[in-house]
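Novice: One structure, as structure tokens, below. Some questions next.
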Amino acid sequence: MDLIERADVLSQLQMEFEKTSGGEGHCVFINGEAGIGKTALIKAFCKQQQKCIIYQGSCDALFTPRPLAPLYDIVWQIKRDLWPVSHTLEERSELFLKVFHELSLHKESILIVFEDIHWADEATLDFIKFFIRRLPKLRCLFILTYRDDDSRSSHSLKNVLGGLSPDLFTRIQLNPLSRQAVYKLAEEKGYDPGSVFSISGGNPFYVTEILASYSPGVPENIKDSILSVYNQQEEGTKNAWQICSVIPEGLEISRFATLKSSWEGMDHCFALKIIIVKNERVIFKHELYRRTIEASLSPFKRITLNKKILDLFLQTFDEKDIERIVHYAKHANENKVVAHYAPIAGRQAAAVGAHVEASKLFLTAIEYSEPNDTDRLLILYENYSYECYLINQIKNAIIYEGKALKLWQEKKEIEKAGNCMRFLSRLWWFDGNRAEAEKYGKQAIEVLQSQPSSVAKAMAFSNMSQLKMLCDESGECIRWGMMAIEMAREINNDEILCHAFNNVGSCQWKTDFANETGKNLLMESLRLALKNSFHEHAARAYSNIISVGLVAKDYDLCMAFLQDAINYCEERDLDASKNYKLYMKSRSLLETGNTKDAAAIVDNLLSNPDQLGTVKFGTWIIQLNLKMRQGNDKMLPFILESKKLILKTQEHQCIIPLMIVLLQYEWLMGVNILSDADLSLSMALAQRIDIITLNSEFHFWLKKVRKLDLRLGKLYEPYQLLKEGKIHAAASFWEKKHCSYDQAITLFEGNESDKKLALSIFQGLDAPTICEKIKMEMRADGIKKIPRGQRESTKINPMNLTNRELDVLQLLQKGIQNKEIAKSLFISPKTVDNHISNILFKLDVNSRSKAVNEAIRLNILK
């Protein structure tokens, strides 16, 4: 059947492809339900291209997908010797770069298609992110198709899309055929159009199959339609269909030839075009056929057929087929085979960064192993726990590391047990449970204390130093850190040295911003990490440098490292660490008055339900701050839930910022939401931990809202000036830091003219609740002629565009060209040019499309 109602989509694809000839590549995600016509659309689009190079790859529907399957498909097409010798993470990174380099040498336009990425493994998703981020450097259109009705993959794909800049890709949703189109097709075939549309729902595949000549009339549903064809076949044809139905990824022709019993009736299968050869594999022409036939098999028949395919793979063993062996062994109830091969497949998946698939395979190996084989289970528990840690399934990681610990203790393996406890400490900290993290950290040290120097012992010391650094207990952090440093030098281990330098340097520098020793140690940690490619440690060093900058209100330091840090993590697909840096960027933007960009980052981070606690807690506080300023009246449940979880961290860096925001909320709303216990805990924390900037701000709000005095020995400079009544000097301090919110809060403590100036600053900060609060207090103080603020029309049109410029902008949004705009508005084309020039100038952009995007961002356009 010819493509119907897809002309607009083909035109859009063609337009995007033609743009790439200018040297800037683009990505298009095409999604829709099974049978909606994604493959047919791609086939038609590729067919209409005349002068370009086309590379195509696809993903398989295996229990655990083959790592990098679609990339390896196109590697053979690009250049055969790109295929890596081994499959380590380093080889994977090198392969990514080689593929990109080879494509950059092409002078012709390139079209790359990856089909069915809803079945993609994690390593393939990593390549997709890697490639799309660099796509603007190529003359390439990258098309990816996926099902939006596959719940198993939706979360992973959302994470991919959420981690990409929106200007790098376009999304196209394929819709079912309209009622009119289905009616027309059905009437041409002589069928009842109402019944066809009712059964098919407009799904092109269903419509095609119902109307196909080999389908006997209109069956009750599509499953009956497929089975009615199947049941009419000769026994040989049915047998071939049955075998093919249990092979989701298809079977190579060379291997299929060895299944002699399957060849009977194959000619008829090919004649019907129900089974086809695609990419040198025998496969059903559509996944819906395969699933329907497979579901019709009896359990015993399904096991028998899977066993037959398993035997075939075992006889012709190839290392690349391990995932397939596990798949067929699992469905053939061959437990020993699964237990043997699943860990091998898991290690291979982990080596190329496919950690989601690796975790599934290690868990499968655990499930299929003998319960009394403790030596084997120990290794599997630790492997599975580590993979869960990497993919942020922290609770599962804790459970299985706990199982491993119990077995190590039973075996009286002291060093192994101590290292296990140290890792559990790290896991509990990621889970946001400070008490458990401390407990296991101490246990690790107690167990290893009497043991000779070792990597496990040194890391136990450094882990405790890190825990103390995170809760700002500087003395303990430095004590444990120096012990780790001494032992790392003794055993000549740069990685532990790098880790411990980070802890000690961060703590020393944060408690004393003038401390060059602390700064130098932290910078040395970064240098060592970069030199030795300790990626996780380098990312942590970047984070702690920026964190010190935020605490010190040194926003120049933050900005000097932020972009390099984000790029470093992005290039190495360290997404969790990149997200933490994005949180810090949003915090820096909020504190320097850019609330819109801060909110955009926070919304994007919190759209991921599996976000790490270390990222989530900070972004919650920023979101609370934004909601509080804007007067969100539904935030109390969110406040109570976030307060409960953040207090569990027992960390000054989380709790004191939360208290500051909640005290401001109390001031604005005139309600008390902090209990005496909350205040006592946080006041004790502030008096014990010497972070002068946060403590001084907490002191200010405590005194303003609750009339409580922290009795701090020393205040941060602007708060000391405020205490001395030097309002203008304190406000000037904040102005130099570009902290307009703090500047306005400070000015509001002054005289009438200071309060009016404070109000004008708040009016420019999108803080309507605060504006109303201080207006009310000004009226209560008898102040007259209170500034009204921006008119509503100015809020809607903050760039002061004229009405005619707004008319032109609305037409630009519709993609209308200058001549048509002139006709529509009854003005000359030259006048249109002038209006567009003014629009570009006022919005500070250099193109029509960017003007529209900027106007949408500013809420001038919807």
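Novice: Please find the FRET efficiency linking residue 180 to residue 532, where r is the Cβ-Cβ separation and R0 is fixed at 60 Å, and quote it to the nearest 0.05.
Specialist: About 0.40, to the nearest 0.05.
Novice: Could you please put 831, 124 in sequence from largest to smallest accessible area, using a 1.4 Å probe?
Specialist: The ordering from most to least exposed comes out as 831, 124.
Novice: For the residue pair residue 311 and residue 298, what label-to-label distance in nm results when each label sits 7 Å from Cα along the Cα-to-beta-carbon direction?
Specialist: 1.9
Novice: Points 7 angstrom from Cα along the Cβ direction at residue 861 and residue 455: gap in nanometres?
Specialist: It is 5.6 nm.
Novice: Based on DSSP, what percent of beta bridges with both residues in the chain are antiparallel, to the nearest 5?
Specialist: 20
Novice: Separate question: Using Cα-Cα distances under 8 Å and only pairs 6 or more residues apart, what relative contact order does the range 521-678 have, in percent?
Specialist: Relative contact order for the range 521-678 comes out at 13 percent.
Novice: May I pose another question? Can you give me the long-range amide H partners of residue 54? Hydrogens built in the peptide plane at 1.01 Å from N, cutoff under 5 Å, separation of 5 or more residues or another chain.
Specialist: Residues meeting the amide H criterion: 111.
Novice: What does the extension gain come out to for residue 367 and residue 227, with contour length at 0.36 nm per residue minus their alpha carbon separation?
Specialist: My answer for the length gained is 46.9 nm.
Novice: Using a Förster distance of 22 angstrom, determine the FRET efficiency expected from the C-beta separation of residue 781 and residue 760, and round it to 0.05.
Specialist: 0.80
Novice: Can you give me the C-alpha center-to-center distance between the range 6-32 and the range 293-324, rounded to a whole angstrom?
Specialist: 40
Novice: Follow-up. Relative to the Cα centre, what is the charge dipole magnitude of the chain, using +1 at the beta carbon of each Lys and Arg, -1 at the beta carbon of each Asp and Glu, and rounding to the nearest 20 debye?
Specialist: Once rounded to the nearest 20, the dipole reads 1940 debye.
Novice: Leaving out ligands and nucleic acids, note down the accessible area per residue over the range 446-487 with a 1.4 angstrom probe, in whole Å².
Specialist: Heavy-atom SASA per residue in the range 446-487 reads 36 Å².
Novice: I've got another one for you. What are the extents of the Cα atoms of the chain along their three principal axes, in Å, largest first?
Specialist: Cα spread of the chain along its principal axes, largest to smallest: 97, 88, 50 Å.
Novice: Can you tell me which of 610-623, 576-589 comes out highest on packing, and rank the rest after it, using the mean Cβ neighbours within 10 Å?
Specialist: The packing order, highest mean first, is 576-589, 610-623.
Novice: Given the -39500 (n - 2.57) contribution per DSSP H run of 4+ residues, what per-residue ellipticity at 222 nm results for the chain, rounded to the nearest 500 deg cm²/dmol?
Specialist: Mean residue ellipticity, 222 nm, calculated: -21000 deg cm²/dmol.
Novice: Please tell me the relative contact order of the chain in percent, rounded to the nearest whole number, where contacts are Cα pairs under 8 Å and at least six residues apart.
Specialist: Averaging sequence separation for qualifying contacts and normalising by length gives 6 percent for the chain.
Novice: Something else: Using θ = phi - 60° and the Karplus form 6.51 cos²θ - 1.76 cosθ + 1.60, what ³J(HN,Hα) does each residue of the range 44-61 get, whole Hz, x for Gly and Pro?
Specialist: Couplings: 5, 5, 4, 5, 7, 7, 9, 10, 6, 9, 10, 10, 10, x, 8, 9, 9, 9 Hz.
Novice: Something else about it: To the nearest 10 square angstrom, what accessible area does residue 716 show with a 1.4 Å probe?
Specialist: 30
Novice: Give the separation of the Cα centroids, the range 839-862 to the range 738-755, in Å.
Specialist: The two parts, judged by their Cα centres, are 32 Å apart.
Novice: Placing unit charges on C-beta atoms (Lys and Arg positive, Asp and Glu negative, everything else neutral), compute the dipole magnitude of the range 348-461 about its Cα centre in debye, rounded to 20.
Specialist: 360
Novice: Would you mind calculating the gained length between residue 834 and residue 772 on full extension (0.36 nm times residue separation, minus the Cα-Cα distance), in nm to one decimal?
Specialist: Here the answer is 18.3 nm.
Novice: Given labels modelled 7 Å from the Cα in the Cβ direction, how far is it in nm from residue 807 to residue 482?
Specialist: Spacing of the two 7 Å Cα→Cβ label points: 7.7 nm.
Novice: Dividing the convex hull volume of the alpha carbon atoms of the range 100-208 by its residue count, what do you get in Å³ per residue?
Specialist: Considering the Cα atoms of the range 100-208, their hull volume per residue is 139 Å³.
Novice: Heads up, I need the accessible area for residue 170: 1.4 angstrom probe, whole protein in place, Å², nearest 10.
Specialist: Surface open to solvent at residue 170 totals about 30 Å².
Novice: Which whole-number percentage describes the relative contact order of the range 1-78, with Cα contacts under 8 Å and a sequence gap of 6 or more?
Specialist: Normalised by residue count, the contact order of the range 1-78 is 21 percent.
Novice: Would you mind calculating the gained length between residue 168 and residue 97 on full extension (0.36 nm times residue separation, minus the Cα-Cα distance), in nm to one decimal?
Specialist: Between residue 168 and residue 97, full extension yields 23.7 nm more.
Novice: Taking the Cβ-Cβ separation of residue 676 and residue 610 as r and a Förster radius of 25 Å, what is the calculated FRET efficiency to the nearest 0.05?
Specialist: 0.10
Novice: To continue, here is another question. Given the whole protein assembly as supplied and a 1.4 Å probe, what does the accessible area of residue 591 come to in Å², nearest 10?
Specialist: Roughly 30 Å² of residue 591 is accessible to a 1.4 Å probe.
Novice: Cβ neighbours within 10 Å, averaged per peptide: list 815-821, 361-367 in order, most packed at the top.
Specialist: Highest-to-lowest ranking by the protection proxy: 361-367, 815-821.
Novice: Go through the range 608-618 residue by residue and turn each phi into a ³J(HN,Hα) via Karplus (6.51, -1.76, 1.60, θ = phi - 60°); whole Hz please, and just put x for glycine and proline.
Specialist: Running phi through 6.51 cos²θ - 1.76 cosθ + 1.60 with θ = phi - 60° gives 8, x, 9, 4, 4, x, 4, 7, 4, 5, x Hz.
Novice: Right, something else. What ranking do 459-465, 739-745, 301-307 get when scored by the average of other Cβ atoms within 10 Å per residue, highest first?
Specialist: 459-465, 739-745, 301-307
Novice: Take the alpha-carbon centre of the range 476-550, take the same for the range 406-422, and report the distance between them in whole Å.
Specialist: 28
Novice: Right, another one. Go through 524, 735 and list them by solvent-accessible area, largest first, probe radius 1.4 Å.
Specialist: 735, 524
The values are calculated or read from the model by the stated rules, or taken from the named source; none is laboratory data. All figures in this text were calculated on a predicted structure; none of them were measured in a lab. FYI the Cβ positions are ideal-geometry reconstructions off the backbone, even for glycines, and counts take in every protein chain you see. Note: accessible area is taken over every heavy atom of the protein model, side chains too, but ligands, DNA and RNA are not part of it. Shrake-Rupley method; radii C 1.70, N 1.55, O 1.52, S 1.80 Å.
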